[in-house]
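Throughout, read-outs are computed from the coordinates displayed, never taken from laboratory work. Just so you know, these numbers come straight off a predicted model, no measurement behind them. Virtual Cβ from ideal backbone geometry, glycine too; neighbours counted across all protein chains shown.
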Amino acid sequence: MKRIRIASRGSKLALVQSNYIRSRLEEIAGQVTVSIVRISTKGDRDKSDFLNKPNSIGYFTSEVENALLDGRADVAVHSLKDLPTTYTEGLTVAAIPKRECVADALVTSLDATSLADLPAGATVGTSSLRRIAQVRLLRGDLKCVPLRGNVETRLAKVARGEVDAAIVASAGLYRLGLAERISAVLPPQEFLPAPGQGALAVQIRADDKDLTELVAKLDDRDARITAETERRVLASMHGGCSIPLGVYSRIEGNSIIIDALISDIEGCKHIKRTVTAPIDQAGICAQQLAQDLLNAGGQEILNKIRPTPTN
């Protein structure tokens, strides 16, 4: 093995993440040349406001995966939360490295260090249904407005006063060296993050035995258990990454604790559950938790959000 090509989206954050994996591979692989192959995705090209569309699954990942499948690259690096819960045939996630901070962050130019500090009627920029639902649940007087673009673009809109505040993933700000822009880290048990948030997925072709052995050295046990548990909740609810579902899991001793919440977008109805289970029962527990959410009213919430099929 003389070279490894990493497929990556072309955004600054994606390249930072891919270059991190590049440096890790160079450390463990020895005399190997590692390069980055930039890929443009539908999610980067589509500038519409919200991603709760029937065809939004894989918006930021499918074309990066295609580079693996057609041989243009050997490795792909994704934000795990962007990957569909059903993995693409012929590909495997060989490593989930140690997670960055899983929490969301409040960014504002106002004198506020929490959502509670924002003035009545303040505008909060986000295009995530999960974040919209939780903002309205906690502060029904705030006005959520569409906010898309890369991290730097969203921060610039806050700085220019186009929105009073924005909610973004803390992980991206930390990885970009922009932690000073964080006004408040929103506690993940109170403002639940997206399943798998803060985790990277290092993907390869399933039949590449040499790379499987190499890339697996980057895998972090706790990161894989917690991220896969959260994504199991999402998969068991038969929802894509755009549904208003927050899940947060953490390991304490030999147990895993899972918090999950689903809410309507208006913030009027929500169901939240917390369960604890032995680590080796995490997958089963996640499925049971998802079914509990659905039975308690989550199915009705999803039915309202999903578009009615047309003939």
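A few comments on the model shown:
- Förster radius 45 Å - calculated FRET efficiency between D220 and K304, Cβ distance, rounded to 0.05: 0.75
- Neighbourhood net charge (14 Å Cβ-Cβ; Lys/Arg +1, Asp/Glu -1) for K98: +3
- Simple Cβ-charge dipole of the chain, Lys/Arg +1 and Asp/Glu -1, about Cα centre, in debye nearest 20: 600 debye
- Each principal axis of the Cα cloud of region 154-249 was evaluated for its coordinate range; sorted largest first, these ranges are 51, 31, 20 Å.
- Expressed as a fraction of 2.2 N^0.38 Å, the value expected for a compact globular protein of N residues, the C-alpha radius of gyration of region 234-305 is 1.10.
- Förster radius 35 Å - calculated FRET efficiency between T86 and D111 (Cβ-Cβ, nearest 0.05): 0.20
- Mean Cβ count within 10 Å, highest first, over the residues of peptides 226-238, 250-262: 226-238, 250-262
- Helical contribution to [θ] at 222 nm, DSSP H n ≥ 4, -39,500 (n - 2.57), averaged over the chain, rounded to 500: -9000 deg cm²/dmol
- Taking label points 7 Å from Cα along the Cα-to-Cβ direction, A296 and R3 give a separation of 5.4 nm.
- FRET efficiency estimate (nearest 0.05) - Cβ-Cβ, E213 to H238, R0 30 angstrom: 0.30
- Nearest-ten-degree value, helix 221-236 long axis tilted from longest Cα axis of the chain: 60 degrees
- Sorted on the mean count of surrounding Cβ atoms within 10 Å across their residues, most packed first, peptides 282-293, 27-38 read 282-293, 27-38.
- With both labels modelled 7 Å from their Cα along Cα-to-Cβ, the Y20 to K269 distance reads 3.9 nm.
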